[in-house]
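Enquirer: Handing you a structure now.
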Amino acid sequence: MNIENIIRYILPILLGVAITLMSLPYLYKLLPNDYSRTELIISTLKNRNNNADIVLFGSSIIMSGINSKELTNKLNKPHNILNLSSSAQTIKESSLYYQYFDSTYNAILQFIEHDKLLEDPVLLNSVSRNFRLLGYVPQFSTQTFLSSDEFKYINSNIISLSVDSRDFLINTINQQSRRIFRRDLDMTKINNDLFYPNTYTQVLSSDKYSRLIKQYNPSEPVLSFSPSNKYIEFLKIIAEYFESINVSFYVIINPINPDLFNYTEDYKNNMCDFLSSIQSPNLTIIDFSNILNSNMFIDHWHPNAIGKDKFEIELARVLNSSK
Amino acid sequence: MWWNPAFILLIIGSTLIDYTAGYLIYTNKSKLYRLIFLSTSLCFNLGILVFFKYGTFFQDNLFILFRSIGYHPSWVNLNIILPVGISFYTFQTMSYTIDIYRKNLEPAKSILDFSLYVSFFPQLVAGPIVRAHDFLPSLDRTKQIKFDPQSILMILGGLIKKVAIADNLAYNVDIVYSDPSHYPSIIIILASLAFYVQIYCDFSGYTDIAIGIAKILGYNFPPNFNHPYFSKNPSEFWKRWHISLSSWLKDYLYIPLGGNRYTQFLTYRNLYITMILGGLWHGASWNFVLWGFLHGTLLVLHKIILKFKISIPYTRIMQLLSVLFFQGIIILSWIIFRQTNYSLMKQTLRKFLFFDFNFSLSGIGLGNLRIFSTIFLLVIFFTLHFISHKSKIPISQKLIFTRLNTIFLILAGIFLFLFWPTKNNPFIYFQF
């Protein structure tokens, strides 16, 4: 009787779990979620049918901050630039894409937030899972950029990664519903646009803007810049890698909203001095922390249309004056 | 709350003292001695409960009081850890000795039987509070592990309630309630509704699992919840919510205080004492006292309404409105229960009660709030809860007899897996 009840009532439950587990990798690709843009970037780099020679990586600041087609128009020489930034993309996440590059590319522009330099670079497990479930296969060269634990995790079997990703349906439900409340968020554009996947078109009220500034402004003035040694070392490793495949590597510090006034001038000057000191022939660091005024931001850190134009002008100026 | 091997001495101490006290109460003819043994049992159990659960609370409040009059005590700051399950097993052992004293129960046949009653694992950490007269007689029956369908489905239902519904709702509640000033009223109302469902699913889910496991092992526990969210008034609510605690408080506190046997004033007094202490049982914080006071007030008001025979037409619409109105008050009471910080409680209550007509949802971190999955889960909960309430037999019983039970079970497995959070949330009632 016990065996019969176990078969009749427990096995179907386990069967349901097993069915979901097996189909999760397929469902993950099929159902839209916040990470769908990653699939676009992977397939773009894999297929190499776009003749791009310059690629931009970075977070949503770059998604809204640079229109790579307009940037191309501002350059002296003809180039084909792709904007492969994505929401919350860190340098560790970008490093997963580096395996797709070869000497046919001219330059990689890696945009980073200044405060990320203060922390050790870490690859989130959720990012690793996302990449693997979208078909990414880490090559040997990627091991250079990851810690042994990170590399081990990203190489885990797909079943255990699927188990860890089981809440993707919740993400899909919420992402789709966000469309109702955020008409400005064009997810189709974000998941398909390789040049200007801008997400920030809705103007914030002054009250909401103030609230965000208050939330992200440090509680005390930050006077000195103390970068993470591991982060700096990581930049050097990346620079060496790109030098070995004959691709120029630029690191660009994203603009800081002056309304975040507790990031003081001392802090910015310290940072500028430090970054200058670590520059080398294969590692060019461009400090854009001060290029935008507060009226060029839509919120605490995303450029608005005016900020975007200024950002492109400054970037074009730097690229035109470089080799 | 903590798992510390040393705390096993507490439960061993409680077991030894109460078993001995129970035996001595039963075998002694002298009323005085019986009272002494009972008092020893109660003092020990209440003593450890008060010390571990309320020691830090009393100390902190004493500090505040002394500082307000200019005295700065230099006592050692006690950081007392709350042992897991202490609120539950102390109440269980007290009910044992009291029932023996009242001659409603014979002592356990052996210390082993009594130890099993006290430390029975399915209900040790978060209830239900099982009475000895429900548990001990079943020890006489031959036990065998029996995977009967009702138990399996009860455990499955409990898992779905706790893991798929409560833990996912917790995600939204935790974010919104940690900074209510940041969100408009509509989000506060949604989060409050989410907590209303979360606490029910968390607690009733746990007790379903406990009751189901106990049943598999051959022990029948009485139900701890009976669709409390269809209650029309506070008396009905407390007959349906956390039944084992409310009946314990009625039998061992309210009735000994006099219950409703004397004057109206004494009845109201007894209700307030019972509910305030019941609130305090949940935690060492003033918000629980306030919560208990609110429920005491509701019960008193209900008694007054009944006394004046204010009758409401018994139509379906009026029944529905009564339920909705009363449940709105329950949602409000859960805000008080949840927000231990007074300032956050005030902000949450203000936005809940005074709608700000702010429907702008940009700039509030919409992506983090999981609004739609929260609404989705609330819809699922209310639908199943309504079906369960309307049905004469439990849904789990219906599932056993339907031909489609295999498909439902597969779907349940799929739902459970997809909604099993990647972050673990402990059972809410573990902290009590």
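Enquirer: Restricting the first residue to the stretch B:145-171 and requiring it to be closer than 15 Å to B:Tyr219 by Cα, which pairs with a second residue that is among the β-branched types (Val, Ile, Thr) and open to solvent by 40 Å² or more (accessible area, probe 1.4 Å) meet a Cβ separation below 7 Å and a spacing of at least six or different chains?
Expert: Going by the 7 Å Cβ cut-off, the qualifying pairs are B:Phe147/A:Ile6; B:Ile152/A:Ile10; B:Ile155/B:Ile213.
Enquirer: Take B:Leu153 and tell me if it is within 14 Å of chain A (Cβ to nearest Cβ), among the hydrophobic types (A, V, I, L, M, F, W, C), crowded, with 21+ Cβ neighbours inside 10 Å and assigned to a helix (DSSP H, G or I).
Expert: Details: within 14 Å of chain A (Cβ to nearest Cβ): yes; among the hydrophobic types (A, V, I, L, M, F, W, C): yes; crowded, with 21+ Cβ neighbours inside 10 Å: yes; assigned to a helix (DSSP H, G or I): yes.
Considered against the rule, which asks whether it is within 14 Å of chain A (Cβ to nearest Cβ), among the hydrophobic types (A, V, I, L, M, F, W, C), crowded, with 21+ Cβ neighbours inside 10 Å and assigned to a helix (DSSP H, G or I), B:Leu153 comes out as yes.
Enquirer: Tell me the residue from A:Asn73, A:Asn80, A:Asn50 that is more than 14 Å from chain B (Cβ to nearest Cβ), touching a residue at least 40 places away in the same chain (Cβ under 8 Å) and open to solvent by 10 Å² or more (accessible area, probe 1.4 Å), please. So that I can check it myself, show each step before the final result.
Expert: On the way: A:Asn73 fails: touching a residue at least 40 places away in the same chain (Cβ under 8 Å); A:Asn80 fails: touching a residue at least 40 places away in the same chain (Cβ under 8 Å).
Within the list A:Asn73, A:Asn80, A:Asn50, the selection yields A:Asn50.
Enquirer: Let me ask you something else. Out of (1) away from chain B (no Cβ under 14 Å); (2) open to solvent by less than 10 Å² (accessible area, probe 1.4 Å), the odd one out for A:Leu24 is which?
Expert: Failing condition for A:Leu24: (1).
Enquirer: Is there any pair with a first residue in the stretch B:81-94 that is at pLDDT 90 or above and a second that is outside any helix (DSSP H, G or I) whose Cβ atoms are under 6 Å apart and which are 6 or more apart or on different chains, and what are they?
Expert: Hits for this filter: B:Phe91/B:Ile129; B:Gln92/B:Ile129.
Enquirer: Return yes or no: is A:Ile213 among the β-branched types (Val, Ile, Thr) and within 24 Å of A:Ile91 (Cα to Cα)? Please lay out each step first, then the result.
Expert: Working: among the β-branched types (Val, Ile, Thr): yes; within 24 Å of A:Ile91 (Cα to Cα): no.
No: the conditions fail for A:Ile213.
Enquirer: I need a count of the residues in the stretch B:94-136 that are surrounded by fewer than 22 Cβ atoms within 10 Å (Cβ to Cβ), more than 20 Å from B:Lys250 (Cα to Cα) and aromatic (Phe, Trp, Tyr).
Expert: So the count comes out to 2.
Enquirer: Which one of these is open to solvent by 50 Å² or more (accessible area, probe 1.4 Å) and more than 17 Å from A:Glu113 (Cβ to Cβ): A:Asn246, A:Asn282?
Expert: Just one listed residue meets the conditions, A:Asn246.
Enquirer: Which residue is nearest to the other protein chains (Cβ to nearest Cβ), if the candidates are limited to the stretch A:157-175 and must be open to solvent by less than 30 Å² (accessible area, probe 1.4 Å) and farther than 21 Å from B:Thr374 by Cα?
Expert: Within the stretch A:157-175, the match that is nearest to the other protein chains (Cβ to nearest Cβ) is A:Ser162.
Enquirer: While we're here: For the stretch B:165-282, list the helices (runs of 4 or more DSSP H) that sit wholly inside it and hold at least 3 residues that are buried (at least 19 other Cβ atoms within 10 Å of the Cβ) and within 14 Å of chain A (Cβ to nearest Cβ); which are they?
Expert: Once the helices (runs of 4 or more DSSP H) in the stretch B:165-282 are filtered for at least 3 residues that are buried (at least 19 other Cβ atoms within 10 Å of the Cβ) and within 14 Å of chain A (Cβ to nearest Cβ), what remains is B:167-178, B:185-216.
Enquirer: Out of all the residues in the stretch B:311-324, which are assigned to a helix (DSSP H, G or I) and either surrounded by 12 or more Cβ atoms within 10 Å (Cβ to Cβ) or over 23 Å from the mean Cα position of the chain (by Cα) (or both)?
Expert: From the stretch B:311-324, those assigned to a helix (DSSP H, G or I) are B:316-324; that's our starting set.
Matches in the stretch B:311-324: B:Arg316, B:Ile317, B:Met318, B:Gln319, B:Leu320, B:Leu321, B:Ser322, B:Val323.
Enquirer: Among the residues of the stretch A:213-250, which ones are among the aliphatic types (A, V, I, L, M), under 21 Å from A:Lys268 (Cα atoms) and either within 14 Å of chain B (Cβ to nearest Cβ) or out of contact with any strand residue (DSSP E or B) (no Cβ under 7 Å at 6 or more places or on another chain) (or both)?
Expert: A:Ile213, A:Leu223, A:Ile232
Enquirer: Shifting gears a bit: Given the conditions (1) within 14 Å of another protein chain (Cβ to nearest Cβ); (2) part of a helix (DSSP H, G or I); (3) surrounded by 17 or more Cβ atoms within 10 Å (Cβ to Cβ), which single one is not true for A:Leu117?
Expert: All conditions pass for A:Leu117, except number (1).
Enquirer: Is at least one residue of the stretch B:77-88 assigned to a helix (DSSP H, G or I) and open to solvent by 10 Å² or more (accessible area, probe 1.4 Å)?
Expert: no
Enquirer: Also, I was wondering about something else. Tell me, yes or no, whether the stretch A:37-47 has at least one residue that is more than 8 Å from every other protein chain (Cβ to nearest Cβ), open to solvent by less than 90 Å² (accessible area, probe 1.4 Å) and without any contact (Cβ under 8 Å) to a residue 12 or more places away in the chain.
Expert: Yes.
Enquirer: Exactly one of (1) in a helix (DSSP H, G or I); (2) open to solvent by 10 Å² or more (accessible area, probe 1.4 Å); (3) more than 28 Å from B:Leu82 (Cα to Cα); (4) not hydrophobic (A, V, I, L, M, F, W, C) is unmet by B:Gln144. Its number?
Expert: (1)
Enquirer: Among the residues in the stretch A:203-217, are any of a type outside the set (A, V, I, L, M, F, W, C), part of a loop (DSSP other than H, G, I, E, B) and either in contact (Cβ under 8 Å) with a residue 60 or more places away in the chain or farther than 30 Å from A:Leu146 by Cβ (or both)? Show your work before the answer.
Expert: Narrowing the stretch A:203-217 to residues of a type outside the set (A, V, I, L, M, F, W, C): A:205-211, A:214-217.
Those still in the list that are part of a loop (DSSP other than H, G, I, E, B) too: A:205, A:217.
Applying the additional criterion that residues be either in contact (Cβ under 8 Å) with a residue 60 or more places away in the chain or farther than 30 Å from A:Leu146 by Cβ (or both) yields A:205, A:217.
Yes: the stretch A:203-217 contains one or more residues that are of a type outside the set (A, V, I, L, M, F, W, C), part of a loop (DSSP other than H, G, I, E, B) and either in contact (Cβ under 8 Å) with a residue 60 or more places away in the chain or farther than 30 Å from A:Leu146 by Cβ (or both).
Residue-wise test of (1) open to solvent by 70 Å² or more (accessible area, probe 1.4 Å); (2) away from chain B (no Cβ under 14 Å).
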residue	(1), (2)
A:Glu265	yes, yes
A:Phe288	no, yes
A:Ile291	no, yes
A:Asn295	yes, yes
A:His300	no, no
A:Ile306	yes, yes
A:Val318	no, yes
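The values are calculated or read from the model by the stated rules, or taken from the named source; none is laboratory data. Since the structure is predicted, the reported quantities are computational estimates derived from the model, not experimental observations. Cβ atoms come from the backbone with ideal geometry, glycine included; neighbour counts cover every protein chain shown. Each accessible area value is taken on the protein alone, full model and side chains, heavy atoms only, with ligands, DNA and RNA left out. Shrake-Rupley method; radii C 1.70, N 1.55, O 1.52, S 1.80 Å.
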